[in-house]
Amino acid sequence: MTDAMTLLKSECEACQNCPLGATRTNLVFGVGSPKAQVLFVGEGPGEQEDLQGEPFVGRSGQLLDKYLELVGIPRDGGKVYIANIVKCRPPHNRDPKPEESESCLPWLRQQVRLIRPKIIVCLGRIAAQRLIDPDFRVTREHGVFREKGGILFMGTFHPAALLRNPAQKKDALADFQALREKMEELRIEN
Ligand code: URA
């Protein structure tokens, strides 16, 4: 991690800006290269993430890793950074409440400022509605790139949704392949 990112993480570790801070086991700040060109944003930590302090390490994380590897951008390959809308686990894996997302978002914004990704991929409805469009519908708008503030945003299926509904895996893979093509177009070499 760059020094600025290390500092940000240690500030974030003290965060009690919403009630989720009181019930977390570990803060799940984010993982990957602070120089990543592609930032993936999920919803919030689940049980395994809360226990291990790292995003997407449970069953849905294994599926995410599979897609990342299939398109040649493995989690530890220096090209990606993975974070969430909220950095502490919502109890019983419920959706984060709007006010929890709101109070956590400044941390993500600061991560974006430090990383300066060219592409942000929103994993699932919660991230896409926060970062792309409050009316975003994953089934209708997945895989579409749109530019906002000099960054290309794309929303795709949340891996947990794919575990529940494997019929959507084909579409999700096509989105990751579209990401790969976009990286080539932007000369984000690997
Ligand atoms: N689901 C998410 O949205 N994020 C994680 O880190 C794990 C599961």
key: Peptides 129-137, 142-150 ordered by average Cβ neighbours within 10 Å, highest first   = 129-137, 142-150
message = Please arrange C15, C104 by how many other C-beta atoms lie within 10 Å of their C-beta, fewest to most.
response = C15, C104
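Past 20 Å, Cα to Cα: identify those pairs from K9/K35; K66/K87; K35/K182; K97/K118, in the order given.
Listed pairs above 20 Å: K66/K87; K97/K118.
What is the fewest-to-most order of F153, F56 by other Cβ atoms lying within 10 Å of their Cβ? It would help to have the intermediate numbers written out before the result.
On the way: F153 22, F56 27.
The order, fewest Cβ neighbours first, is F153, F56.
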key: Relative contact order [Cα under 8 Å, 6+ residues apart], segment 1-83, whole percent   = 36 percent
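Which whole-number percent gives the relative contact order of segment 41-172, counting Cα pairs below 8 Å spaced six or more residues apart? Don't jump to the answer; show the numbers that get you there.
Numbers: 177 pairs, mean separation 32.9, N = 132.
After rounding, I find 25 percent.
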ask   = Which order do K87, K79 fall in if you start with the one that has the fewest other Cβ atoms within 10 Å?
value = K79, K87
inquiry  = Taking a ≥ b ≥ c as the square roots of the Cα gyration tensor eigenvalues, with a/c under 1.5 meaning rounded and otherwise prolate when a/b beats b/c, else oblate, which class fits segment 78-190?
reply    = oblate
key: For the chain, convex hull volume per residue from C-alpha positions, Å³   = 106 Å³
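Taken together, the values in this text are just the output of simple stated rules run on the coordinates, not laboratory data. Treat the numbers as computed from the prediction; the structure is a model and nothing was measured. Don't worry about glycine lacking a Cβ; one is built from the backbone with ideal geometry, like all the others, and counts go over all protein chains shown.
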